[in-house]
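Input: a single structure, listed below in structure tokens.
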Amino acid sequence: MKKPNGYIIYKGKSLLDEKPIVVIALAKSRNTKTGNMVQTYILREDIDPREANKKGEDFSICGNCPLKGEPHNDPKRATAKNRACYVNLGQGVLIAYQQYKKGAYPIATSDQIKELGRGRVVRLGTYGDPAGVPRQIWDVLLKDCVHHTGYSHQHNLKDS
Ligand code: SF4
């Protein structure tokens, strides 16, 4: 059987607002120079990421980060107004969400989460803020990693 290129490493409540979120870790391209990074997408479990951004429902994953823009109801716009976040919602984020909805990603066991990070550089919150996810998940993922990147925008919300 073909090995999945991604796993669900968390599915549950956001620590920021208790709404449903899911974290997908993508671990393909182990052998390429630029691909030797585990990417983690923190997503609303129940809403298309563009819609979540447009409606402000992305508080669950981005908290009060100023880069997410301002919510609105303008039917002509797909995402929030004045969004300054460097992550393109129409590409990797959307693909990860759609694949998740298709059932492409199995739920990882704790051992599998640890194995995903082993010997790799791990990016916490390729999309979304790691502060929305229980710390134990990141601790397991980072246990045997060589390095990690990622930071929180929620300094004024809570200690992460
Ligand atoms: S920088 Fe991070 S927390 Fe801020 S809007 Fe972009 S993904 Fe969300």
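Here are the numbers for this structure:
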item: For the range 1-145, projected area of the alpha-carbon convex hull averaged over all directions, nm²; result: 8.8
item: Estimated [θ] at 222 nm from DSSP helical runs (n ≥ 4, -39500 (n - 2.57)) normalised by residues in the chain, nearest 500; result: -5500 deg cm²/dmol
item: Residue of Arg44, Arg77, Arg123 that the Gaussian network model of the chain assigns the largest fluctuation, springs spanning Cα pairs under 10 Å; result: Arg77
item: Two-site FRET efficiency, Glu18 against Ala78, from Cβ-Cβ distance with R₀ of 41 Å, rounded to 0.05; result: 0.95
item: Filter on Lys19/Lys54; Lys13/Lys68; Lys68/Lys143; Lys3/Lys143 - keep pairs with C-alpha separation over 27 Å; result: Lys68/Lys143
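Read-outs throughout are calculated quantities, based only on the coordinates presented, and are distinct from any laboratory measurement. Every value quoted in this text rests on a predicted model; they were computed, and no experiment measured them. Virtual Cβ from ideal backbone geometry, glycine too; neighbours counted across all protein chains shown.
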